[in-house]
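Just so it is clear, none of the values below were taken in a lab; they were calculated from the coordinates. Just so we're clear, the structure is a prediction, and the values are computed from it rather than from any experiment. With ideal geometry, Cβ positions are generated from the backbone for all residues, glycine too; neighbour counts draw on all protein chains shown.
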């Protein structure tokens, strides 16, 4: 990732943290606020990071995926459903139910990835349309099932939303989490931790392994890959499904790690912001993660400002309106996608079906 | 089988028998028998669509033959994918390079045959092997360079090493000289010869007759999907090969008398143009074209010719400088007023800029004049006039199409080009700008286009011919301007210049420097 871009990312994160420190600094020690902002940023960037990694796998292999939003929404729902079904109907303990919920979410994402691969690789459907199909399908299916399963009289849960098995507990990273004040950053929930691990793993796979070289080759010049005996369709299928599995984990974050409930449309555009993060991160895992952190910081701003609503100075009164602060991630997305901060280059064959 | 035949077949690296391949509506290969001896350079000669590349793609496993057999070292083999071909020691250098620009040379070479240590790609051992191969065959490349930074000549070496790295004994080179300068061609021929001397068997696909004589041991000519015959350079001549390729007598030399240039029709002064990526690709070009002469612009592709022609024809804004057409300043004007001054343009990329492919031939023939009477009156088309014009031009310019109402996309390359020529020349013009007018065309169509260019010159039109084919430039031009990195190196009278001089100028070397 180029330095200019990295500098821009660091600058925005610093500004966002700075705003909260300036407002709340009188009330709480600035160091505590900074640590809290960083910890929240990392946590809320999780679905963005995972969504962006999903995009990295798909698009590096040459398949555009704008269906990340739908993949995460569907996974959020089915993961949540699996967890409470196991917990309340089958009587499984909360912790195993949550873990099985995560597995169900991942598999849902994988299935959505398979659907996208079938549409775009086998049937060569326009990939934007394929992604849109997944987004619309996810909204419809989750909205419908949510009502049918939880709110209809005579449904399996008897017409009321059952008691949830809670959310995944925090993991304390040994030693690091024991450092005074700063240690809070290293107490994160498991999906947030695995997102960071996946960034490292993806970087390694993409740039240091045979699999990565071949993946990038089918995204750049599928015919060249074909002539040296690489099965383009198989590489694309595998990567889109892997992407789907990762988006599934991202979906699990919403209902099994962030809050213990499902709401229709709860991904709230985060799949699209993840896409923007991937583009701004130049289709690379670290770049995507850094960009996801920018958006995460914008959301952390919103969360942390809630504690200091009384302290907001009168000339900044507009910041008291939650919805205005809530706009920041979306405004950032638009700003970044205008290309003011420099253009990025997609894989050469991104979005182009391969015809023999 | 006789003993003679046995011994003959034993020395064969590769043999095909009865290879037949249908594509929808076309019989691409019709019972093709072809053989390649060990250690020979075998040229496969033929026009576009003769079935050469299809045959090679079958041998390389990219297509499946409908019928026929392939033998390697006398044994029948079944090649279903390029992986099979590679495993059998067949390597192919495609006409459009199969290299990934954002990968390094080493990454491109190892792709599909990677060596790994544990899970990690072993870049080091690949680089070592590449250096060994470079040394052994005189193919100098840096394994750590990114392919996008390399000139085409070097990229081609990477392709050859890529095949050698996979231990290819049979090398198929598909039109390898199309993108090279004359010097690079000579280098390539040296490399091919050295490969053959070290036991590699080479199939060299081309439609350029001169190259066959320069490098081939044997020549097989294909036409319309069939093998016309196999011969050797000693037993044949250029005209004989040309008529084998085309099926009739072909005029290889362009017949033209001396030029009688008149007043200036186009004057270009200190023109600077930038490309889409913001790089200055035309850097202060100045030249003029007079009526009754052909000014040839020679140069290796990608030295600013595209942007130069786009700026002249109004398709691209010039950064600075002046374009004067018949004493009127047309710099920065849009195409229509420029066309109306009497400029005709045969564009480089005929499918993108020359035709509206889904439109019928008739509509394509009025693209410059559709808004004028008799084709339109008060903004309403007169379809009768458009159709009449279409039928007449199709007849007059010998466009081979079942119907003038067929979409232009259905025509062959040569006939598409004839449609463009017919449109551009059927209105009163004073200047013809022809950019790569014969690229990808077969010998018959090339002959036709060349005749037309000379005819326009003799009819008192100025011609600006841009071509990467040195033979074409030399055959048609009255004066030759050589362009290198966006600058005109020199403008020379065509009858006093040698191919070597032009080749050096095309490589950016001025004559003075080499005389020392």
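For the peptide A:227-234, the mean number of other protein chain Cβ atoms found within 10 angstrom of a residue's Cβ is 6.
What length, rounded to one decimal in nm, is gained on full extension from residue A:148 through to residue A:259, with 0.36 nm per residue of separation minus their alpha-carbon distance? In short, 37.8 nm is gained. Taking label points 7 Å from Cα along the Cα-to-Cβ direction, residue B:22 and residue A:122 give a separation of 2.8 nm. With only Cα atoms counted, the protein assembly as shown has Rg and Dmax values of 33.2, 105 Å.
Computed on the Cα trace of the range B:156-228, the radius of gyration divided by the Kirkwood hydrodynamic radius gives Rg/Rh = 0.96.
Normalising by residue count, the range B:350-427 has a Cα convex hull of 80 Å³ per residue.
When the P(r) is computed for the range B:213-282, the part past 16 Å accounts for 70% of the Cα-Cα pairs. Note on B:102-113: average number of Cβ atoms from other chains within 10 Å of each residue's Cβ is 4.
Among A:64, B:300, a tally of other beta-carbon atoms within 10 Å of each Cβ gives an order, fewest to most, of A:64, B:300.
Would you work out if the range A:1-134 is rounded, prolate or oblate? Take a ≥ b ≥ c from the square roots of the eigenvalues of the alpha-carbon gyration tensor; rounded if a/c is under 1.5, else prolate when a/b is larger than b/c, oblate otherwise. Oblate.
Evaluated at q = 0.13, 0.21 Å⁻¹, the base-10 log of the normalised Debye intensity for the range B:1-123, with identical point scatterers placed on the Cα atoms, takes the values -0.65, -1.25. Kirkwood radius and radius of gyration were both taken over the C-alpha atoms of chain B, and their ratio Rg/Rh is 1.00. Each of A:72, A:22, B:343 was scored by other Cβ atoms within 10 Å of its Cβ. Arranged with the fewest first, they read A:22, B:343, A:72.
Considering only the Cα atoms of the range A:84-238, their convex hull presents on average a projected area of 13.6 nm².
Taking label positions 7 Å along the Cα-Cβ direction at both residue B:384 and residue B:81, the computed distance is 6.2 nm, reported to one decimal. Helix-only arithmetic for the protein assembly as shown: the sum of -39500 (n - 2.57) across DSSP H runs with n ≥ 4, divided by the residue total, places the mean residue ellipticity at 222 nm at -14000 deg cm²/dmol.
Residue by residue along A:211-223, Cβ atoms of other protein chains within 10 Å of the local Cβ number 4 on average.
Each of A:314, A:120, B:286 was scored by other Cβ atoms within 10 Å of its Cβ. Arranged with the fewest first, they read A:314, B:286, A:120. To the nearest 0.05, what FRET efficiency results for residue B:485 and residue A:316 with a Förster distance of 60 Å applied to their C-beta separation? Using R0 = 60 Å, I get an efficiency of 0.60. Here the extension length gained between residue B:333 and residue B:148 equals 63.2 nm, from 0.36 nm per residue of separation less the Cα-Cα distance. Computed over the Cα atoms of the range B:11-246, the ratio of the radius of gyration to the Kirkwood radius (Rg/Rh) comes to 0.97. Which of A:209, A:132, A:333 moves most in a GNM of chain A, Cα contacts under 10 Å? Of A:209, A:132, A:333, the most mobile in the Gaussian network model is A:209.
How would you classify chain A from its alpha-carbon gyration tensor, with a ≥ b ≥ c the square roots of the eigenvalues: rounded for a/c under 1.5, else prolate if a/b is greater than b/c, otherwise oblate? The shape class here is oblate.
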